[in-house]
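Q: Below is one structure. I have some questions about it.
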Amino acid sequence: MHARAAGRLLGWILAAGCATAAPATGPAAAEAAPRGAPEELLAAHDRHRAKHCAPPLRWSKELAESAQAWADSLARRGCLLEHSRGPYGENLAAGTTGALSPAAVVDLWYAEVAKYRYGRPGFSMQTGHFTQLVWVGTQRLGCGVAQCADMDVWVCRYDPPGNVQGRYQDNVLPTSCRR
């Protein structure tokens, strides 16, 4: 496989932060859940959250519609990943169309655990997806996915948001679950 093709296959781009968007309308709003969701997305999130003693999440139709609207907006703008800068936590990813299952997207975010330093808790651009995913205080999840050319753009939203400065020690626990 050529390096370019391999790069496109796992051509995912990740970004962490907070976001919101206007409510979705039309066909995208009616679906409000990407393929394989919400069950597979919830299961993948909760599997990783359980390792860090974070409670299971509840699927939110409101967050899913908002995430889908933002995914559609990103696709209309050429798939440039950027955050919508609103009141929810948000993880973004992109990859070749069909290459990433919902669980694989969540696994990409969780892989950042290897870079997280529990002895120095706090935000890092290298671990922001992981910390949002396992944030103990987060209760609700909603996700969306849109196609842009030959890419899928994934957006997951979290409420309450994670990655709150000064709250990492209580919300991002090691697998021993000790604070």
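The values are calculated or read from the model by the stated rules, or taken from the named source; none is laboratory data. Values in this document were obtained by computation on a predicted structure and should not be read as measured data. Methodologically, a virtual Cβ is constructed for each residue, glycine included, from the backbone with ideal geometry; neighbour enumeration extends over all protein chains shown. Heads up: the accessible areas ignore ligands, DNA and RNA and are worked out on the full protein's heavy atoms, side chains in. Shrake-Rupley method; radii C 1.70, N 1.55, O 1.52, S 1.80 Å.
Q: Could you tell me which numbered condition Gly119 fails, if it satisfies all but one of (1) closer than 18 Å to Gln169 by Cα; (2) open to solvent by less than 10 Å² (accessible area, probe 1.4 Å); (3) not polar (S, T, N, Q)?
A: (2)
Q: Moving to a separate point now. Evaluate the stretch 29-38: report whether one residue or more is at pLDDT 95 or above and either in a helix (DSSP H, G or I) or crowded, with 21+ Cβ neighbours inside 10 Å (or both).
A: No, that holds for no residue.
Q: Now a separate question. Can you tell me how many residues within the stretch 81-111 are within 19 Å of Glu39 (Cα to Cα) and basic (Lys, Arg)?
A: Going through the stretch 81-111 one residue at a time, the tally reaches 0.
Q: Within the stretch 76-95, can one find any residue that is of a type in the set (D, E, K, R), at pLDDT 95 or above, closer than 23 Å to Asp170 by Cα and touching a helix residue (DSSP H, G or I) at 6+ places or on another chain (Cβ under 7 Å)?
A: For the stretch 76-95, residues of a type in the set (D, E, K, R), at pLDDT 95 or above, closer than 23 Å to Asp170 by Cα and touching a helix residue (DSSP H, G or I) at 6+ places or on another chain (Cβ under 7 Å): absent.
Q: Going through Thr97, Thr131 one at a time, which residue ends up being of a type in the set (Ser, Thr, Tyr) and open to solvent by less than 10 Å² (accessible area, probe 1.4 Å)?
A: Testing whether each residue is of a type in the set (Ser, Thr, Tyr) and open to solvent by less than 10 Å² (accessible area, probe 1.4 Å) leaves just Thr131.
Q: May I pose another question? Return the residues of the stretch 154-169 that are within 30 Å of Thr97 (Cβ to Cβ) and more than 11 Å from the chain's Cα centre (by Cα); say none if nothing qualifies.
A: Within the stretch 154-169, Asp159, Pro161, Gly162, Asn163 meet the criteria.
Q: Just one of the numbered conditions (1) open to solvent by 40 Å² or more (accessible area, probe 1.4 Å); (2) modelled with pLDDT of 90 or more is not true of Trp12; which one?
A: (2)
Q: For the subset of the stretch 145-179 comprising residues that are touching a Lys or Arg at 6+ places or on another chain (Cβ under 8 Å) and aliphatic (A, V, I, L, M), which member is most open to solvent (accessible area, probe 1.4 Å)?
A: Among those residues, the one meeting the criterion is Val145.
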